[in-house]
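What follows is one structure encoded as structure tokens, with my remarks underneath.
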Amino acid sequence: MVFILKSALVLALLYSCFFFLLSKETFHRLNRIMLNGMMLAALIVPLFHVTTQHPNVINEEIYMVQTIMEEEPLVLPLQVEETSHITWIQVIWWIYLAGVATLLVITLLQAINLMRFMRGGLRHTDSKGNTVILHRGQIPPFSIFHYIVMSLDDYENHRHHILAHEQEHIHRGHTVDLMLLQAMKIFQWFNPFIWFLSRDLKAVHEYEADQAV
């Protein structure tokens, strides 16, 4: 739990700095690097222990939370019969796990539905070796790894622009960014800053692809 709170705090501080200093800049590649770097830093920085001679506000808050958690350890399922007392730490922990489980199930269901959807349709290979999957009906074009999905109508009338746009998404590896982002959203679903970061990263992807086209 302490690692989760430290990770959330790191992400909140880094994103706040980004929002006030860089969010209005048009250096889309730099912004993308910064946003991905924030997520990685939120996973790595809490692993390091930094000691200071004089306590500061952040250290005091983290120390207080850690002390409370050590005084009120989680009760294992086998110990439930021995005591009927449930601590607030346990309640928070189970709420957090419920949120993680819910998002994980939703993500898995979406992945399964996406794979089923991509099995159908007409297929051919574009000039860059990507597989283009065409479906009837109105669907927004999208790409994942080396697959581009679009409607037959878009392919017949707007394929040059759409293919160029989606090919840039593939070329720049935006799918990898989105996979890292989804993992962080599951891990930090309670943190509003990860949802702000999600909005900005997806916008940067679109700006980057449009600029390249």
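The values are calculated or read from the model by the stated rules, or taken from the named source; none is laboratory data. This is a predicted model, so every value here is computed, not measured. Every residue, glycine among them, receives a Cβ derived from its backbone with ideal geometry; neighbour counts consider all protein chains shown. Side chains included, ligands, DNA and RNA excluded: accessible areas come from the protein's heavy atoms. Shrake-Rupley method; radii C 1.70, N 1.55, O 1.52, S 1.80 Å.
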Segment 85-180: strands (runs of 3 or more DSSP E) wholly inside it with 1 or more residues that are among the hydroxyl-bearing types (S, T, Y) and under 26 Å from the mean Cα position of the chain (by Cα) are 131-135, 142-144, 147-151
With the condition kept exactly as written, say whether any residue in segment 115-129 is within 18 Å of N36 (Cβ to Cβ), open to solvent by 70 Å² or more (accessible area, probe 1.4 Å), of a type in the set (A, V, I, L, M, F, W, C) and free of Cβ contacts under 8 Å to residues at least 40 places away in the same chain.
no
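Kindly indicate whether A183 is touching a helix residue (DSSP H, G or I) at 6+ places or on another chain (Cβ under 7 Å) and either surrounded by fewer than 16 Cβ atoms within 10 Å (Cβ to Cβ) or under 30 Å from A42 (Cβ atoms) (or both). Reasoning before the result, please.
Working: touching a helix residue (DSSP H, G or I) at 6+ places or on another chain (Cβ under 7 Å): no; either surrounded by fewer than 16 Cβ atoms within 10 Å (Cβ to Cβ) or under 30 Å from A42 (Cβ atoms) (or both): yes.
Here the answer is no, as A183 does not meet what is asked.
Which one of V132, V105, V100 is more than 30 Å from W189 (Cβ to Cβ) and either in contact with a Lys or Arg (Cβ under 6 Å, 6 or more places away or on another chain) or hydrophobic (A, V, I, L, M, F, W, C) (or both)? It would help to see each step written out before you state the result.
Details: V105 fails: more than 30 Å from W189 (Cβ to Cβ); V100 fails: more than 30 Å from W189 (Cβ to Cβ).
None of the others qualify; the one that does is V132.
Find the residue count for segment 189-213, including only residues that are assigned to a loop (DSSP other than H, G, I, E, B), out of contact with any Phe, Trp or Tyr (no Cβ under 9 Å at 6 or more places or on another chain) and under 19 Å from A12 (Cβ atoms).
Of the residues in segment 189-213, the ones assigned to a loop (DSSP other than H, G, I, E, B) are 189-191, 213.
With the extra rule that they be out of contact with any Phe, Trp or Tyr (no Cβ under 9 Å at 6 or more places or on another chain), the set shrinks to 191, 213.
From what's left, under 19 Å from A12 (Cβ atoms): 191.
Total meeting the criteria: 1.
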Cβ-Cβ under 8 Å, sequence separation 6+ or interchain: first residue in segment 78-103 and modelled with pLDDT of 90 or more and open to solvent by less than 60 Å² (accessible area, probe 1.4 Å), partner not in a loop (DSSP other than H, G, I, E, B) and not aliphatic (A, V, I, L, M). Which pairs?
V100/F187; L103/K185
